[in-house]
Structures are given as C-alpha cells and as structure tokens.
Amino acid sequence: MTVNELAAQLNLKPLAGTKGDHNEILTCYSGDLLSWVMGRAKEGSVWLTVMGNINAVAVATLADCACIVLTENAPLDEDARQRADMQNVPIYSTELNAYEMSVKIAGLLQK
C-alpha cells in the first residue's frame, strides 16, 4: 500500500511533502519521543505523532519513514512544512488519536 492509497482510504488531510506520497507503507509506529522513534521506527513506517516540528521531519528522514501522520489535529510548524516539501516527506493530519489510527492502519495492512 502506498501513502497516497492510505491517505485516500482514511480521509487524511495532506499538509506537506505530497511528492513522496508514492512511498510504500510496510508498518506503523507510534511515538512522540524523537530519539526513541529514531532508533526504533522501521523503514516504511507510517509514523503517528503529535510532533509537528522540523526535528520530526529530520527523524522521519533518518528512520526512512513512509510518512508522518499528525494525530489529534496536532499543528505543523511552517518550518517543518517547508522542510517536508523539500525532502518529500509526506505529512498528513487526522482528528483521531494514535490508538484509533493504529487500529485502522493495521486493518488496512492486513488485507
């Protein structure tokens, strides 16, 4: 499944980096402590977080995440939006919390 397909199926709101929406999704990871995520998120992860800053974009790039989904309508900083666009890191938004979004993503990935 690609980021674009996931976004369409879950009605995610695009915020930045949509040129990377062809990235392949392999798994899902949820966390807000950037150093923790950097060492544990797997390649191809949909990263669920409330961290909408430039450091989150850097971590997503280092961890080779497929995309970032900001849960609970967390805001995205303008600097982060610009960096995500430059580095093709797709960032989306949802009103759901991390647990609710994880369940939905797991259901889609198991099909």
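The values are calculated or read from the model by the stated rules, or taken from the named source; none is laboratory data. On a predicted model such as this, the values are computed, not experimentally measured, just so you know. Virtual Cβ from ideal backbone geometry, glycine too; neighbours counted across all protein chains shown.
Which residues, counting only those in the range 82-111, are under 15 Å from ASP21 (Cβ atoms) and not hydrophobic (A, V, I, L, M, F, W, C)?
Matches in the range 82-111: ASP85, GLN87, ASN88, PRO90, TYR92, SER93.
Condition first: closer than 23 Å to ALA58 by Cα and either acidic (Asp, Glu) or not in a helix (DSSP H, G or I) (or both). Now tell me which residues in the range 90-111 satisfy that.
Within the range 90-111, PRO90, ILE91, TYR92, SER93, THR94, ASN97 qualify.
Taking strands (runs of 3 or more DSSP E) that fall entirely within the range 1-89, which contain at least 1 residues that are aromatic (Phe, Trp, Tyr) and closer than 21 Å to LYS111 by Cα?
27-30, 45-49
Of the residues ALA56, ALA8, ALA16, only one is surrounded by fewer than 18 Cβ atoms within 10 Å (Cβ to Cβ) and among the small types (Gly, Ala, Ser); which?
Answer to the selection: ALA8.
Could you say which residue among THR94, THR71, THR27, THR49 is modelled with pLDDT of 95 or more, under 12 Å from the mean Cα position of the chain (by Cα) and surrounded by fewer than 19 Cβ atoms within 10 Å (Cβ to Cβ)?
THR27
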